[in-house]
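Please treat every number below as a calculation from the coordinates, not as lab data. On a predicted model such as this, the values are computed, not experimentally measured, just so you know. All Cβ positions, glycine included, derive from the backbone under ideal geometry; neighbour counts span all protein chains shown.
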Amino acid sequence: MYKALIRPILFLFDPEKIHHFSFTFIKTTSTLLGWLYKLIFDLKEERLEKEVFGLKFKNPVGIAAGFDKNAVLLDELENFGFGFIEIGTVTPKPQSGNPKKRLFRLKKDKALINRMGFNNLGVDEAVKQLKKRKTKLIIGGNIGKNTATPNEEAKSDYIYNFEALYDVVDYFVVNVSCPNVKDLTKLQDIDFLEDLLSTLKDINNKRGKNRPILLKIAPDLNRQQLDDIVELIASTKIAGVIAANTSSGRENLTTSEEEIKAIGNGGLSGKPIKDNATEVIRYLSQKSNKAFPIIGVGGIHTAEDALEKLEAGADLVQVYTGFIYEGPKLIKDINKAILAQLK
């Protein structure tokens with residue numbers, strides 16, 4: 001029904017406007033129909049539970065950061081069968097992000113290009129929302145820096161986010177790999193990362209609770225850079241990696257070159273980055289001898305895509321673009337496929 005009827009109508013309109021419309025629709029209808037969404041989409045099965053970096057997940061399928069930036073749909077998203085939710089990317093101060101138009105569909109490729117620019121209401125607003133949640137799902141907090149903050153002061157932004165969210169999320173994701181924030185990817189410098197991650201680990205230890213810290217990396221890193229990431233995880237002893245973020249590349253696209261040029265800069269997500277993201281997962285898993293957990297994300301549009309990520313070495317998976325193109329049934333399909341493999 002979603003792909004045959006609902007999606008064609010939604011795709012007639014601007015993607016960012018539809019994103020906001022969908023939030024309002026889900027929020028409004030869940031008051032009366034939340035039980036129905038849960039009945040249709042939520043697969044309850046103890047065998048799907050999985051413990052990763054000390055946390056017990058209801059199932060291995062989560063919604064990636066970027067979908068619910070401000071933590072306003074936590075209870076409602078649980079009804080669609082997700083095993084965990086990652087909010088953000090949040091920044092210390094509210095910011096409007098990049099100028100519109102900044103979100104584009106590549107329908108022929110089942111992909112999106114976005115240059116949102118960390119638009120969010122600020123970490124303090126996210127904290128207010130998180131304190132109101134009823135769901136017991138694992139919640140991750142994806143943290144970044146304000147665009148106006150110079151790179152030499154970026155560390156303070158990450159620390160502010162970390163301390164603000166500490167009591168209301170279950171794990172953290174340090175995002176330095178988004179291609180849509182000016183100069184952000186320069187923070188992938190290993191020396192900077194080692195200093196930042198070690199500082200956050202020290203805060204974690206002093207606070208007394210175990211808040212796993214993960215690093216979100218780009219799918220465009222070469223082998224040497226991935227080797228550096230493996231060494232970085234070993235030296236800082238953070239919990240793991242999310243592989244991978246959106247891509248700056250434009251390979252393997254059916255969409256015309258003219259249309260791509262007209263869209264301009266932005267991070268590519270969806271089907272075209274599936275194989276690259278999977279190979280990053282496989283390489284990290286094999287190179288490290290599975291020394292740390294990996295959350296696999298990038299191009300998951302079918303249950304088979306998710307299983308491929310898990311077989312490559314991912315412990316959990318996340319969807320975003322696939323959720324938009326395939327609809328909420330995707331989550332149940334993935335969980336059913338995982339159960340079938342367990343049998």
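Here are some notes:
- Pairs over the 24 Å Cα-Cα cut-off, from the set LYS108/LYS274; LYS93/LYS131; LYS17/LYS44; LYS216/LYS290; LYS69/LYS145; LYS44/LYS309: LYS17/LYS44.
- Mean residue ellipticity (222 nm) of the chain, computed from DSSP H runs ≥ 4 via -39,500 (n - 2.57), nearest 500: -12500 deg cm²/dmol
- Beta bridges from DSSP with both residues in the chain: antiparallel share about 30 percent, rounded to the nearest 5.
- Under conditions of 25 °C and 0.890 mPa s, the chain yields 122 µm² s⁻¹ as its translational diffusion coefficient, taking Rh as the Kirkwood radius over Cα pairs in the Stokes-Einstein equation.
- Here is the list for segment 49-142: trypsin sites (Lys or Arg not before Pro) lying in DSSP coil, each with at most 13 other C-beta atoms within 10 angstrom of its C-beta, are LYS100, LYS101, LYS134, LYS136.
- Taking GluC sites (Glu not before Pro) across segment 1-101, the ones in a DSSP loop with at most 12 further Cβ atoms lying within 10 angstrom of their Cβ are GLU49.
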